[in-house]
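The structure appears below as structure tokens.
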Amino acid sequence: MRVDAFFYGLYMDDAVLAGAGVKPRAPRMAGAHGYALRIGGRATLVKARDSVAWGMVYSLTPDDLANLYGAPGLE
């Protein structure tokens, strides 16, 4: 089983995903309308009515997502 996931920070880069042991498939650009990207300790989406936060959607397995977000603080 695979699921689509929207990435807007470092994980937008398929080379970064590959470095984490993830094999993304079906890459495509996407935008989250009504949100803006805020860069701080981590990239975060914040509501912003007239904005679009651009990123990438990849098809991943649930195990891929667990691998990426299983670290403390990323749950």
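The values are calculated or read from the model by the stated rules, or taken from the named source; none is laboratory data. Because the structure is a prediction, the values reported are computed rather than measured. Here the Cβ positions follow ideal geometry from the backbone for every residue, glycine too, while neighbour counts run over all protein chains shown. When the accessible area is computed, the model is the full protein with side chains, heavy atoms only, and any ligands, DNA or RNA have been set aside. Shrake-Rupley method; radii C 1.70, N 1.55, O 1.52, S 1.80 Å.
Filtering the stretch 22-38 to residues that are loosely packed, with under 13 Cβ neighbours inside 10 Å and either in contact with a helix residue (DSSP H, G or I) (Cβ under 6 Å, 6 or more places away or on another chain) or within 18 Å of VAL52 (Cα to Cα) (or both) leaves ARG28, MET29, HIS33, ARG38. When the residues of the stretch 39-74 are filtered to those that are in contact (Cβ under 8 Å) with a residue 40 or more places away in the chain, polar (S, T, N, Q) and open to solvent by less than 80 Å² (accessible area, probe 1.4 Å), the one that is farthest from GLY21 (Cα to Cα) is SER59.
The set of residues in the stretch 35-75 that are of a type in the set (Lys, Arg) and at pLDDT below 90 contains only ARG42.
If you go through the stretch 8-41 and pick out every residue that is more than 12 Å from the chain's Cα centre (by Cα) and under 17 Å from LEU65 (Cβ atoms), you end up with 8. Cβ separations smaller than 8 Å between residues 6+ apart or across chains give the following pairs from the stretch 1-14 residues that are touching a residue at least 12 places away in the same chain (Cβ under 8 Å) and more than 10 Å from MET56 (Cβ to Cβ) to residues that are among the small types (Gly, Ala, Ser) and surrounded by fewer than 14 Cβ atoms within 10 Å (Cβ to Cβ): ASP4/ALA26.
The set of residues in the stretch 14-28 being part of a helix (DSSP H, G or I) and hydrophobic (A, V, I, L, M, F, W, C) consists of ALA15, VAL16, LEU17, ALA18.
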